[in-house]
1. Exactly one condition in (1) out of contact with any Leu (no Cβ under 6 Å at 6 or more places or on another chain); (2) surrounded by 14 or more Cβ atoms within 10 Å (Cβ to Cβ); (3) aliphatic (A, V, I, L, M) is not met by Ile74; state its number.
2. Of the numbered conditions (1) under 17 Å from the mean Cα position of the chain (by Cα); (2) acidic (Asp, Glu); (3) within 16 Å of the ligand (Cβ to nearest atom), Glu148 fails exactly one; give the number of that condition.
3. Can you tell me how many residues within the range 91-148 are free of Cβ contacts under 8 Å to residues at least 40 places away in the same chain and aliphatic (A, V, I, L, M)?
4. Run Thr131 past the list (1) more than 21 Å from the chain's Cα centre (by Cα); (2) at pLDDT 95 or above; (3) polar (S, T, N, Q) and report the number of the one that doesn't hold.
5. Determine whether Val80 is modelled with pLDDT under 90, part of a strand (DSSP E or B), of a type outside the set (D, E, K, R) and touching a strand residue (DSSP E or B) at 6+ places or on another chain (Cβ under 6 Å).
6. Tell me the residue from Thr120, Thr137, Thr112 that is modelled with pLDDT under 95 and either more than 16 Å from the ligand (Cβ to nearest atom) or among the aliphatic types (A, V, I, L, M) (or both), please.
7. Which residue is modelled with the lowest pLDDT, if the candidates are limited to the range 23-77 and must be within 26 Å of Ala93 (Cα to Cα) and among the β-branched types (Val, Ile, Thr)?
8. In the range 35-70, which residue that is more than 14 Å from the chain's Cα centre (by Cα), in a loop (DSSP other than H, G, I, E, B) and of a type in the set (Gly, Ala, Ser) is surrounded by the fewest Cβ atoms within 10 Å (Cβ to Cβ)?
Amino acid sequence: MANKITVNKVVSLSYTLRDDDGELIDQSEDGSPLLYLHGARNIVPGLEEQLEGVAEGESIKAIVPPEKGYGPRIGEAHEVPRRLFPSDAELAAGMQVVAHDDQGRQIPFFITAISDDTITVDPNHPLAGETLHFEVTVESLRDATEEEIGHGHPHGPDGHHHH
Ligand code: ZN
């Protein structure tokens, strides 16, 4: 029986991701597939759902609407004074930052532009509101270890490494 994707499998994928216009947004590097733990929400829910039951070696196309991808757009980008950030903070466009409100709740946002005096921040993930068009090949598949299941993510081929 073919080895198929189910909960607690570590899956190795090569993929391309395009937007509605067919523009390439992201892809796995040659020889360096994406590793994820199935059922642990390591990848967007819409892609994870469509990979359920897919066999090793198989390729699929998956179209994922925003609600099952990076969410609908919420709010708008706006500029804030740079002095609100620590002066030694290393900031870059594309970076995700977490602020805290006065109740200590976490508010994630993304930096989209930086000037000398201002930082443009956006509450939306860069892919929020986008329908995601994936082409995915399941390169390999194995059972997760107890440790990986406990951590909720796969460990690399060289053993345990964390970013
Ligand atoms: Zn770990």
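The values are calculated or read from the model by the stated rules, or taken from the named source; none is laboratory data. Computed from a predicted model, the values in this text were never measured in an experiment. Counting neighbours? That spans all protein chains shown, and the Cβs are built from the backbone with ideal geometry, glycine included.
1. (2)
2. (1)
3. Going through the range 91-148 one residue at a time, the tally reaches 11.
4. (1)
5. Answer is no for this residue.
6. After applying the criteria, what remains is Thr112.
7. Only one residue tops the list, namely Ile74.
8. So, considering only residues that are more than 14 Å from the chain's Cα centre (by Cα), in a loop (DSSP other than H, G, I, E, B) and of a type in the set (Gly, Ala, Ser), the one surrounded by the fewest Cβ atoms within 10 Å (Cβ to Cβ) is Gly53.
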